[in-house]
Amino acid sequence: MVVIDEKKCIGCGLCAADCIAQNIVIEEKARVKQDCFQCGHCVAVCPKGAVSIPEYDMADVEEYDADSFTLEPEAVLHSIKFRRSIRNYKPEAVPEDVLRTLAEAGRYTATAKNSQSNGFVFVQKEMAELKARVWQYIDDIAHKDIREIDKAFLPYLVFNQRRKKDAADDYLFRNAPVVLYVVSDSALDAGLAAQNMEMLGVSLGLGMLYNGYLARVSDANEELKQWLGIGDRTIRACMLLGYPAVHYARTAPRKMADVIWK
């Protein structure tokens, strides 16, 4: 629950004004009425650092520094425009500290009602095992009567045939060194986290590809999910990632923006 240090609190009322749950009142000092969903806005807005949430790692909280917090609008838009889906990767491992930094971007992404239900699974060291399990699952589907196969899985049979003819034709995995799964109670929360992780990844020299095919077949495979350690949680997003083996010299063209102004 939210804890307020009365010795530090000056009763300014900023925490109460910013509390979406209306869970804080000012009685000379700030007072918490009941448990809440612990969004942490009260912690962030307090000018004296009087608010804490013991269930969280308070040592992880950073102080705001205006000099170091600069995001130039042109640079942000530039990075968005130059972002590309990468389907060709260098055979180079991604250091674990880089992956941990990506996980931080996912961890700090906003979630509905502060559920913080997103989870992240990085597969790199055991990529060969992951591929074997995925392709075996597809092989098992291929041996069923065609009338019993869900139409959504028919494309995988083609991917499998191509792979068997040419091992380099790795349509599902693209020879990427890392697969990232995002599990969540919410598809929107997972998507927001995935995009934050991708944008940070680009700044770290990585390239990524959202892979709906791999997400769908992985989520359908209960044995694979147990192996991944996610139990019955839902895979909401999946990305391939690694260092790009392709260079793009310019942005790609897009349609005119579909915008309504009123």
Do we have any residue at all in the range 51-60 that's loosely packed, with under 14 Cβ neighbours inside 10 Å, over 12 Å from Val2 (Cα atoms), without any contact (Cβ under 8 Å) to a residue 24 or more places away in the chain and of a type in the set (Asp, Glu)?
-> yes
Where residues in the range 107-130 are out of contact with any Gly (no Cβ under 8 Å at 6 or more places or on another chain) and aromatic (Phe, Trp, Tyr), which of them is surrounded by the most Cβ atoms within 10 Å (Cβ to Cβ)?
-> Phe122
If we take the range 181-238, then helices (runs of 4 or more DSSP H) inside it with 3 or more residues that are buried (at least 16 other Cβ atoms within 10 Å of the Cβ) and among the hydrophobic types (A, V, I, L, M, F, W, C) are 187-203, 212-220
Given (1) aliphatic (A, V, I, L, M); (2) more than 24 Å from Trp227 (Cα to Cα); (3) touching a residue at least 24 places away in the same chain (Cβ under 8 Å), number of the condition Leu154 does not satisfy = (3)
Do we have Ala93 as within 14 Å of the chain's Cα centre (by Cα) and part of a loop (DSSP other than H, G, I, E, B) here?
-> no
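Condition check ((1) among the hydrophobic types (A, V, I, L, M, F, W, C); (2) assigned to a helix (DSSP H, G or I); (3) within 24 Å of Arg87 (Cα to Cα); (4) open to solvent by 40 Å² or more (accessible area, probe 1.4 Å)) across all residues:
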{"residue": "Ala132", "(1), (2), (3), (4)": "yes, yes, yes, yes"}
{"residue": "Gln136", "(1), (2), (3), (4)": "no, yes, yes, yes"}
{"residue": "Ala152", "(1), (2), (3), (4)": "yes, yes, yes, yes"}
{"residue": "Arg162", "(1), (2), (3), (4)": "no, yes, yes, yes"}
{"residue": "Asp169", "(1), (2), (3), (4)": "no, no, yes, yes"}
{"residue": "Arg174", "(1), (2), (3), (4)": "no, no, yes, yes"}
Those residues of the range 138-150 which are open to solvent by 80 Å² or more (accessible area, probe 1.4 Å) and not in a helix (DSSP H, G or I), in sequence order = His143, Lys144, Asp150
Condition test on Asp258, is it acidic (Asp, Glu), touching a residue at least 60 places away in the same chain (Cβ under 8 Å) and open to solvent by 20 Å² or more (accessible area, probe 1.4 Å)?
-> no
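The values are calculated or read from the model by the stated rules, or taken from the named source; none is laboratory data. Remember, it's a predicted structure, so these values are computed and weren't measured experimentally. Positions of Cβ are generated from backbone atoms using ideal geometry, with glycine treated the same way; all protein chains shown enter the neighbour counts. Just so you know, the surface numbers come from the protein's heavy atoms only, side chains and all, with ligands and any DNA or RNA stripped out. Shrake-Rupley method; radii C 1.70, N 1.55, O 1.52, S 1.80 Å.
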